[in-house]
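> One structure, as structure tokens, below. Some questions next.
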Amino acid sequence: MLFSRGRAEFLSIGKLHKFSSMILCNLTKDFFPKMLDFFVYCGILKPSRGKRGKTMRGIICFDMDGTIADLYGYPNWLELLRKEDPTPYYKAKPLVDMDTLNIICGRLWEQGWEIRIISWLSKDSTAEYKEAVRQAKMYWLWEHHFPYGVAHMVAYGTTKADCVRRAGDCPKILVDDNAKIRDGWHLGKTIDATKKNWLDELAALID
Ligand SMILES: [Mg+2]
């Protein structure tokens, strides 16, 4: 009787230990990075702008819709945008494997590249909807752990180069699915996000 009670206690301690390790593991793996991202999202922490003590190699600017977020693949996306519903921006699926993209961006950041987002807000919309879209896009980046330093959420049609033109005398690379926008970029090379292997092109920047 005593033995079985002792064994039961031992087992329950073992389970407790396993449970607490599982929670600790999940906290380290998932919760803490999300919490840091959330503080950046709320403006409590400043986002990182390239690794300290290293010369800035350049800036990589990512578009969102059609590049990393599949906005145009969301059911009835245009209809919902016209009704000023921000759901497609929140629920858009990633277009690439975000773990791979985040690892590549992390390595590039370590080597002195700054990671930025330059994304247009919705076309012809009210100020309230623009703000809702801005928040939805920031939420999407947070949810997918995208390691950006600065996010420029700008009005539809803004010349994207204007966002980073004065940001240091270094090459600026644009990753975008829109050919017209890529053609208008004159601050460095561009990566065509409609190509299947564009992550390889990005990874080739790692030394
Ligand atoms: Mg796009």
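Taken together, the values in this text are just the output of simple stated rules run on the coordinates, not laboratory data. These numbers were taken from a predicted model, which means no experiment stands behind them.
> If the cut-off is a Cα-Cα distance under 20 Å, which aspartates and glutamates reach K93, setting aside same-chain residues fewer than 8 apart in sequence?
D30, D37, D63, D65, D70, E79, E84, D85, E143, D176, D177, D192
> For a quick check: with amide H placed at 1.01 Å from N, whose amide H comes under 5 Å from F146's, ignoring anything fewer than 5 positions away on the same chain?
Hits under the 5 Å cutoff: none.
> Calculate one ³J(HN,Hα) per residue across the stretch 111-120 by plugging θ = phi - 60° into the Karplus curve 6.51 cos²θ - 1.76 cosθ + 1.60, and present them in order as whole Hz with x for glycine and proline.
In residue order, the calculated couplings are 8, x, 8, 8, 10, 10, 10, 10, 9, 7 Hz.
> What pairs from K83/K195; K130/K180; K83/K180; K130/K196 go past 29 Å between their alpha carbons?
Working: K83/K195 31 Å; K130/K180 23 Å; K83/K180 27 Å; K130/K196 31 Å.
Cα-Cα > 29 Å for K83/K195; K130/K196; rest within.
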